[in-house]
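FYI, it's all coordinate maths here, none of it is from the lab. Note that this is a predicted model, so its numbers are computed, not measured. FYI the Cβ positions are ideal-geometry reconstructions off the backbone, even for glycines, and counts take in every protein chain you see.
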Amino acid sequence: MTDVAIIGGGSIGVAFAIVFARAGHGVHVQDPDEKRRSDCPTEIAARLHQLDEFGLLDETPAAIIERIGIIPEISEAVRGAALVQECAPEDQSLKQQLFAELDRLAPPHAILASSSSAMPISRIAAELPGRARCLVAHPANPPYLLSVVEIVPAPFTSHDTLERTRTFLEGCGLSPVQVGEEIEGFIFNRLQGALLREAYCLVRDGIADVADIDRLVTHALGLRWSVAGPFETADLNTRGGIASHAQKMGPAYARMGAERGQNDPWTPDLVAEVTAQRRRALPMEEWDARVEWRDRMLMSLIEHRRRCLKDMA
């Protein structure tokens, strides 16, 4: 029996096929394009052999490939599926058409998930009889390396669908992050987009060139954020924690935002809420130890990066 049907054999569909097959599920990848179907096995095999080269597989690539079938028809692909993961291009009318077909053809118990990067499921499945089993499951790309997947329900998505999706994805080694309500771009692309918008502005205004901005992120911001996210980074960067950081840096960030036409001040209530969440995660008496942990993690990453660069030279 097929556990997962993937509708769309592009880069995300191929990546998801690897995730689900690595977890032991039978996978059917469906794509209407004959060339895409013929290319998928080669692409999947190449990625699995790369993962194997780095010791990231628990079994042989061949054993994983055996669980993946490439299917021309949607009706055959979804037969017996517990999860249907739509990975079609970011085109609303196409997704609406696909979900109408999936709702008609997939087993009644099957979860219907979209890989949409920015489009909420309300714009895709609101008129479907089975809309309660529909949601967005948006991965970081590629999901076989970056484990976070955003789960974005609509108001009409059932609680059962939400919980079954979370349990299924966690069982596949993914790390679900639930988005509290439908919002275009969800969380991942809003955070990514905020940095990218500013980067474009800095190039436009002659402040920095593309290479320097990329260097600043890869050698500093990205390296640091791979250890601690933006809130934890701010919390650990200032003695006294994130409340002290907001007091010292909040006005400057407000002025930077105003330059771009933004008016999103860090109000006392907002700072208090963020501070409360950070202190629940890290009591102040553990702050010094966590700073030391951060620094040791960065040292380990820097040492690993240097070794890799030396090996590839």
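Please rank 200, 253, fewest neighbouring Cβ atoms within 10 Å first, as an exposure proxy.
Numbers: 200 12, 253 15.
Going from sparsest to densest Cβ surroundings: 200, 253.
Toward the positive end of the charge dipole of the stretch 201-278, about the Cα centre and with charges on Cβ (Lys, Arg +1; Asp, Glu -1), which of 246, 210, 256 goes farthest?
Value computed over the given set: 246.
Taking every eigenvalue of the Cα gyration tensor of the chain, multiplying by 5 and rooting it, what semi-axes result, largest first, whole Å?
Numbers: eigenvalues 284, 127, 77 Å².
Values for the chain, descending: 38, 25, 20 Å.
For the chain, set up a GNM with springs between Cα atoms under 10 Å and report which of 15, 220, 81 has the largest fluctuation.
Checking each option, the largest mean-square fluctuation is seen for 220.
Modelling each spin label as a point 7 Å along the Cα-to-Cβ direction, I'd like the residue 200/residue 291 distance in nm, to one decimal.
With each label placed 7 Å out from Cα toward Cβ, I get 3.8 nm.
Plugging the Kirkwood radius over Cα pairs into Stokes-Einstein for the stretch 4-124, at a temperature of 37 °C and a viscosity of 0.692 mPa s, what D comes out in µm²/s? Show your work: numbers first, answer last.
Numbers: Rh = 14.5 Å.
Value of D from the Cα-based Kirkwood radius: 226 µm²/s.
At a Cα cut-off below 24 Å, give the lysines reachable from residue 35, other chains included and same-chain residues fewer than 8 away excluded.
List returned: 95.
Report the rotationally averaged projected area of the stretch 87-190 based on its alpha-carbon convex hull, in square nanometres. Show your work: numbers first, answer last.
Values: hull surface 24.0 nm².
If you wrap the Cα atoms of the stretch 87-190 in a convex hull and average its projections, you get 6.0 nm².
When the Kirkwood hydrodynamic radius is evaluated over all pairs of different C-alpha atoms of the stretch 188-312, what value in angstrom, to one decimal, is obtained? If you can, show how the numbers build up before the last one.
Details: mean 1/r = 0.0603 Å⁻¹.
Its Kirkwood hydrodynamic radius stands at 16.6 Å.
Distance between the C-alpha centers of the stretch 163-200 and the stretch 290-313? Whole Å please.
A separation of 27 Å, based on Cα centres.
Hey, can you grab everything whose amide H is under 5 Å from the amide H of residue 148? Only 5+ residues off in sequence or another chain; H modelled, so Pro and N-termini drop out.
140, 175
Tabulate in residue order the Karplus-calculated ³J(HN,Hα) for the stretch 92-101, using 6.51 cos²θ - 1.76 cosθ + 1.60 with θ = phi - 60°, rounded to whole Hz; enter x for Gly and Pro.
My calculation for the stretch 92-101 gives 4, 5, 5, 5, 4, 4, 5, 5, 4, 5 Hz in order.
Could you state the per residue volume, in Å³, of the convex hull enclosing the Cα atoms of the stretch 207-271? Don't skip to the end; give the middle numbers.
Values: hull volume 6.8 nm³, N = 65.
Convex hull of Cα atoms, per residue: 104 Å³.
Taking neighbour counts of Cβ atoms within 10 Å as a proxy for exposure, in what order, fewest first, do 20, 231 appear? Don't jump to the answer; show the numbers that get you there.
Working: 20 28, 231 15.
Ranking 20, 231 by Cβ neighbours within 10 Å, fewest first, gives 231, 20.
Per DSSP helix of 4 or more residues, -39500 (n - 2.57); summed, then divided by the residues of the chain. What does that give at 222 nm, rounded to the nearest 500? Provide the component values of the computation, followed by the final result.
Details: 14 runs with 167 residues, N = 313.
About -16500 deg cm²/dmol.
Kirkwood Rh, Cα Rg: Rg to Rh for the stretch 179-240?
Numbers: Rg = 14.0 Å, Rh = 13.4 Å.
Rounded to two decimals, Rg/Rh equals 1.04.
Long-range amide H contacts for residue 70: which residues qualify at under 5 Å (H placed 1.01 Å from N, peptide plane, sequence gap of 5 or more or a different chain)?
Answer set, sorted by chain and number: 29.
Taking just the alpha-carbon atoms of the stretch 169-215, what radius of gyration and Dmax come out, in angstrom?
Answer for the stretch 169-215, Rg first and Dmax second: 15.8, 48 Å.
So if I take the centroid of the Cα atoms in the stretch 37-65 and the same for the stretch 220-258, what is the distance between those two points in Å?
40 Å
Gain in length, residue 262 to residue 145, computed as 0.36 nm per residue apart minus the alpha-carbon separation, to one decimal in nm? Don't skip to the end; give the middle numbers.
Details: separation 117, 0.36 × 117 = 42.12 nm, distance 3.43 nm.
Full extension from residue 262 to residue 145 adds 38.7 nm.
So how strong a dipole does the stretch 188-312 carry about its Cα centre when Lys and Arg Cβ are +1 and Asp and Glu Cβ are -1, to the nearest 20 debye?
On the way: 19 positive and 18 negative charges, 43 e Å.
Roughly 200 debye, rounded to the nearest 20.
Which value, in debye to the nearest 20, describes the size of the charge dipole of the chain about its Cα centre when Lys and Arg Cβ atoms bear +1, Asp and Glu Cβ atoms bear -1, and nothing else is charged?
Values: 33 positive and 44 negative charges, 125 e Å.
Around 600 debye, computed over the chain.
In debye, nearest 20, what is the charge dipole magnitude of the stretch 1-122 about its Cα centre with +1 on Lys and Arg Cβ and -1 on Asp and Glu Cβ, if you could check? If you can, show how the numbers build up before the last one.
Details: 9 positive and 18 negative charges, 36 e Å.
In debye, rounded to 20, the stretch 1-122 gives about 180.
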